[in-house]
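Accompanying notes for the structure given below.
Read-outs: derived from the displayed coordinates by stated rules, not from any lab. Worth saying up front: this structure is predicted, and the values here are computed from it rather than measured. With ideal geometry, Cβ positions are generated from the backbone for all residues, glycine too; neighbour counts draw on all protein chains shown.
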Amino acid sequence: MNTSGDIDRPKELSEPPTSAPGIGAKSFVYISEILGRPVVRADGRRLGKLSDLKVRLAESFPKICAAVVRLGRKKTLALDWSEVASFMGKNIVLKPGAEDRFHPLDVKSEEMLLKEELLDKQVVDTSGAKIERVNDIHLLVINEDLRIVHVDIGRRGILRRLGLLQPVEGLTKWFFEYEFPEVLVSWKYIQPLASDPHKKDLKLNVAAGGLHDLHPSDLADILEDLDRENQNRIFKTLDLETAADTLQEVDPKLQLSLLEAGSEEKASDLLEEMEPDEATDLLSELSEDQKRKLFQTMEKPSRERLQELLTYKEGTAGRIMTTDYLSVREDQTVGDAVREFKDSTHPLESVAYIYVLDAEGRLKGVITLRQLLLIDREIPVRDLMNTHLVRVWTDDDVESVAEVFKKYKFLMVPVVDEENVLEGVITFQDIMEER
């Protein structure tokens, strides 16, 4: 049992390896243990101190390719790591003449500065749909080389950097017989979120798949835990469908922020992809000018549908209903209804029933998916539809609609106007979100 509050992980993610693929392991060091060490010439004369390490990301376990050294108060230069003679003592000792081969720091798109771009940065843990922070970086020492093998996201990393690991752990062992566990994530599960160098500071743990494999609710939780800049960065990497589903799950204030961070065309596409009732709620928070601009870039059917929903008063059935539902005319057959279901792209919760309408769109009856599976496809739907309908009206208040769901235990209820024309449906999920 994990009593520290750190996340439980499979053995391969939580224990340091005795070797990394293709390389013979000799020893390990944490970056916090070598940053700030004096950098000295071969003759022992001090030049400055180590301020960062640069890696090239091409390999599974990237090798340190350069040291970044602070020379004096303001001057910072780089030096190829091959110029380092030793680094496991109190000093980082350079090879003879290396002091003449310092050069200006240059970080290419396939390179990374570990302290500046990874340490203390956020990691999306898709195996647990959480946000973690990189508290330290675990390096493998092989002869004169250093390679990244893990990032430390546990409490030990924080205590180690503060210089408090030994005294604090001594106390916890003495009083509680407790030792802080190592919480290390293998570097092979850490990848840059995008190739854009401006997005490199956020890394993605792909142990359980990418962001697109997460449930929208988990993605929403991740976004809400991030800072504003990284919220926008992650959201922009999602495909349209995933982004729309996620947008429906986040806090309303964050919905507005994410929608306004993109172009008007992207915002319109997202609103068209969202469930109509969710899109309507979001649109209602925008100014009239913003709504007008978004409607101008929308496809006509989507625009008209959302504009109609916005005409209903807030807190009524008309405002929370969705127009994603299935319907057939009473003169159609069961086979027609089956084809309607197969061709549908509506969310599953809004197609539990198929409503039967007359030529003017008035609600006449309802059939279930179970009936479609059991009945001959040539039979007209009017011969098997249930005409004893429970319905609500567009101007009914939400509390009245909730009572209908509570009484009849339906998955979905049709919403009609005063002439019994079907205007939309309310799902059980819709009404639960309003309570």
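Ranking of H346, H103, H150, H388 by neighbouring Cβ atoms within 10 Å, starting from the fewest: H388, H103, H346, H150.
Convex hull volume of the Cα atoms of segment 273-328, normalised per residue: 86 Å³. Of the residues Y355, Y408, Y178, the one with the fewest other Cβ atoms within 10 Å heads the list, and the complete ranking is Y408, Y178, Y355. Using the alpha carbons alone, the radius of gyration of segment 293-386 stands to its Kirkwood radius in an Rg to Rh ratio of 1.05. How many angstrom lie between the Cα centre of segment 386-435 and the Cα centre of segment 330-363? Between the Cα centre of segment 386-435 and that of segment 330-363, the gap is 17 Å. Running Debye on segment 320-434 with equal point scatterers at the Cα sites and no solvent, what base-10 log of I(q)/I(0) appears at q = 0.11, 0.19, 0.22 Å⁻¹? Taking Cα atoms of segment 320-434 as identical point scatterers yields -0.33, -0.98, -1.26.
For segment 320-434, the dipole from Cβ point charges (+1 on Lys and Arg, -1 on Asp and Glu) about the Cα centre works out to 660 debye, to the nearest 20.
Reported value for segment 383-435: 88 Å³ per residue, from the convex hull of its C-alpha atoms. Relative to the Cα centre, the charge distribution of segment 213-311, modelled as +1 at Lys and Arg Cβ and -1 at Asp and Glu Cβ, gives a dipole magnitude of about 520 debye.
For segment 312-357, the alpha-carbon radius of gyration amounts to 1.35 times the rule-of-thumb value 2.2 N^0.38 Å expected for a compact globular protein. Along its principal axes, segment 213-311 has C-alpha extents of 34, 23, 19 angstrom, given from the largest down. Short to long, the 20 Å bins of the Cα pair-distance histogram for the chain hold 21, 37, 25, 14, 2 percent of all pairs. Ordering K173, K342 from the fewest to the most neighbouring beta carbons within 10 Å gives K342, K173. Quick check: the distance between the Cα centres of segment 241-310 and segment 66-121, to the nearest angstrom? Cα centroid to Cα centroid, the span is 49 Å.
Projecting label points 7 angstrom from Cα along Cα→Cβ for N386 and A58 puts them 6.6 nm apart. Magnitude of the charge dipole for the chain, about its Cα centre and with charges confined to Cβ atoms of Lys, Arg (+1) and Asp, Glu (-1), is about 3360 debye.
The label point for D336 and the one for L240, both projected 7 Å from the Cα toward the Cβ, are 3.0 nm apart.
In whole angstrom, segment 36-81 maps to an equivalent ellipsoid with semi-axes of 23, 12, 7, each derived as √(5λ) from the alpha carbon gyration tensor and ordered largest first.
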